[in-house]
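Asker: First, the structure itself, so that you have it in front of you.
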Amino acid sequence: MRVSEAIKSRMTIRQFLDKPVPEETIREIIETAKRAPSGGNLQPWTVHVLVGKPLKALIEDIEAKVQKGETEDPEYNVYPPELVDPYKTRRRVVGQQLYDLIGVPRSDTPGKLKQLARNYRFFDAPVGIFFVLHRQMEIGQYADVGMFMENIMLLAREYGLDTCPQEAWARWPETLKKHLSLADHEMLFCGMALGYKDESAVINELVSEREEFENFVTLHGFEE
Ligand SMILES: Cc1cc2nc3c(=O)[nH]c(=O)nc-3n(C[C@H](O)[C@H](O)[C@H](O)COP(=O)(O)O)c2cc1C
């Protein structure tokens, strides 16, 4: 698969098939993805991969907490509290497109929360991945982890797999600390669902928009 093909075919998938991913495939993907660059070659990530019983135990634990109305203090703000435009609009648009697609009306808050909660089932994917950093890390290292995660998402395409990166997991730091046996200095940054796309699921038809080249790129010195 060409890199451009992997990039163009990667999209966030929010409904997976109940079909296991071989351990060998997961190992190969991560082995290759670890060639991601990182400033100073810090490789500032540790990774937890869950399948089977530990995955089920985590999902059930969160489900029980949600049912009891329990919440945790989020590990970090996923978005700035006062998000400005054009970012605010982009966020609203993609959210609205998603809910329109699955037939959840604008006013249906419980319906939206129900969809949000599907994050905590990894959208039924058979594999859940977590990316963890030392709390000491700065902005640069978060970019490094992003590149590593993108490598995984693109390599997944080569194996016929799909992914959903999930910052939603930052809302459950205490539960994840327990399930992943994290040390105090370890911070849960992001989760990722990995598996085979359910081709029949409407939710997987969402093709998110991108800004026009001219609106975000400034070319310097090309006509000199
Ligand atoms: C770091 C990161 C975290 C994300 N977290 C979530 C999440 O928790 N739940 C979710 O449904 N989508 C999540 N997304 C997916 C974005 O909504 C998605 O990438 C964006 O709308 C663009 O769509 P596309 O990935 O299909 O191109 C996340 C994406 C990134 C890069």
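Asker: Can you tell me which residue within segment 1-18, out of those that are closer than 18 Å to Arg118 by Cβ and open to solvent by less than 100 Å² (accessible area, probe 1.4 Å), is farthest from the ligand (Cβ to nearest atom)? Before the answer, list the steps.
Answerer: First, pick out the residues of segment 1-18 that are closer than 18 Å to Arg118 by Cβ: 11-18.
When the remaining residues are screened for being open to solvent by less than 100 Å² (accessible area, probe 1.4 Å), the result is 11-17.
Values: Met11: 4, Thr12: 4, Ile13: 8, Arg14: 6, Gln15: 11, Phe16: 12, Leu17: 17 Å.
Ranking the candidates gives Leu17 first.
Asker: Sticking with this structure for a sec: Is it fair to say Arg118 is touching a residue at least 24 places away in the same chain (Cβ under 8 Å) and out of contact with any strand residue (DSSP E or B) (no Cβ under 9 Å at 6 or more places or on another chain)?
Answerer: Values: touching a residue at least 24 places away in the same chain (Cβ under 8 Å): yes; out of contact with any strand residue (DSSP E or B) (no Cβ under 9 Å at 6 or more places or on another chain): yes.
Considered against the rule, which asks whether it is touching a residue at least 24 places away in the same chain (Cβ under 8 Å) and out of contact with any strand residue (DSSP E or B) (no Cβ under 9 Å at 6 or more places or on another chain), Arg118 comes out as yes.
Asker: Which of the residues belonging to segment 154-167 are open to solvent by 20 Å² or more (accessible area, probe 1.4 Å) and either part of a helix (DSSP H, G or I) or more than 9 Å from the ligand (Cβ to nearest atom) (or both)? Let's see the steps before the verdict.
Answerer: Here is the first cut: in segment 154-167, the ones open to solvent by 20 Å² or more (accessible area, probe 1.4 Å) are 154-155, 157-160, 165, 167.
Scanning segment 154-167 gives Leu154, Leu155, Arg157, Glu158, Tyr159, Gly160, Glu167.
Asker: Next question, about the same structure. Considering each residue of segment 41-75, count those that are assigned to a helix (DSSP H, G or I), of a type outside the set (Val, Ile, Thr) and either in contact with a Gly (Cβ under 8 Å, 6 or more places away or on another chain) or touching a residue at least 40 places away in the same chain (Cβ under 8 Å) (or both), and give that number.
Answerer: Of segment 41-75, the ones assigned to a helix (DSSP H, G or I) are 41, 52-67.
Filter once more, so that each one left must be of a type outside the set (Val, Ile, Thr): 41, 52-58, 60-61, 63-65, 67.
Going one step further and asking which of them are either in contact with a Gly (Cβ under 8 Å, 6 or more places away or on another chain) or touching a residue at least 40 places away in the same chain (Cβ under 8 Å) (or both), we end up with 54-55, 57-58, 61, 63, 65.
The qualifying residues number 7.
Asker: Kindly indicate the residue of segment 76-103 that is of a type in the set (Val, Ile, Thr) and assigned to a helix (DSSP H, G or I) and also nearest to the ligand (Cβ to nearest atom) among those meeting that condition.
Answerer: Within segment 76-103, the first condition is being of a type in the set (Val, Ile, Thr), and the residues that meet it are 78, 84, 89, 93-94, 102.
Those still in the list that are assigned to a helix (DSSP H, G or I) too: 89, 93-94.
Numbers: Thr89: 13, Val93: 10, Val94: 5 Å.
Per the stated criteria, the residue is Val94.
Asker: Also, I was wondering about something else. Can you list residue pairs whose Cβ atoms sit under 7 Å apart, with the first residue in segment 3-23 being closer than 22 Å to Tyr120 by Cα and the second being away from the ligand (no atom under 11 Å from the Cβ) and part of a helix (DSSP H, G or I)? Count only pairs 6 or more apart in sequence or on different chains.
Answerer: Close Cβ pairs (under 7 Å, with a partner that is away from the ligand (no atom under 11 Å from the Cβ) and part of a helix (DSSP H, G or I)) amount to Arg10/Leu154; Arg10/Arg157; Gln15/Asp124; Phe16/Asp124; Asp18/Asp124.
Asker: Inside segment 168-202, can you point out the residues that are among the hydroxyl-bearing types (Ser, Thr, Tyr) and surrounded by 16 or more Cβ atoms within 10 Å (Cβ to Cβ)? Talk me through it step by step, then tell me what you get.
Answerer: At the first step, the residues of segment 168-202 found to be among the hydroxyl-bearing types (Ser, Thr, Tyr) are 175, 181, 196, 200.
Within segment 168-202, Thr175, Tyr196 qualify.
Asker: Another question, then. Can you name every residue in segment 169-188 that is in contact (Cβ under 8 Å) with a residue 60 or more places away in the chain, within 12 Å of the ligand (Cβ to nearest atom) and not in a loop (DSSP other than H, G, I, E, B)?
Answerer: Within segment 169-188, Ala170, Arg171 meet the criteria.
Asker: Which residues, counting only those in segment 104-131, are modelled with pLDDT under 95, more than 10 Å from the ligand (Cβ to nearest atom) and either touching an Asp or Glu at 6+ places or on another chain (Cβ under 6 Å) or open to solvent by 60 Å² or more (accessible area, probe 1.4 Å) (or both)?
Answerer: If the condition is that a residue be modelled with pLDDT under 95, more than 10 Å from the ligand (Cβ to nearest atom) and either touching an Asp or Glu at 6+ places or on another chain (Cβ under 6 Å) or open to solvent by 60 Å² or more (accessible area, probe 1.4 Å) (or both), then Pro105, Arg106, Ser107, Thr109, Pro110, Leu113, Lys114 are the ones that fit.
The values are calculated or read from the model by the stated rules, or taken from the named source; none is laboratory data. This structure is a prediction, so every number in the text was calculated from the model and none was measured. Methodologically, a virtual Cβ is constructed for each residue, glycine included, from the backbone with ideal geometry; neighbour enumeration extends over all protein chains shown. With ligands, DNA and RNA removed, areas are computed over all heavy atoms of the protein, side chains included. Shrake-Rupley method; radii C 1.70, N 1.55, O 1.52, S 1.80 Å.
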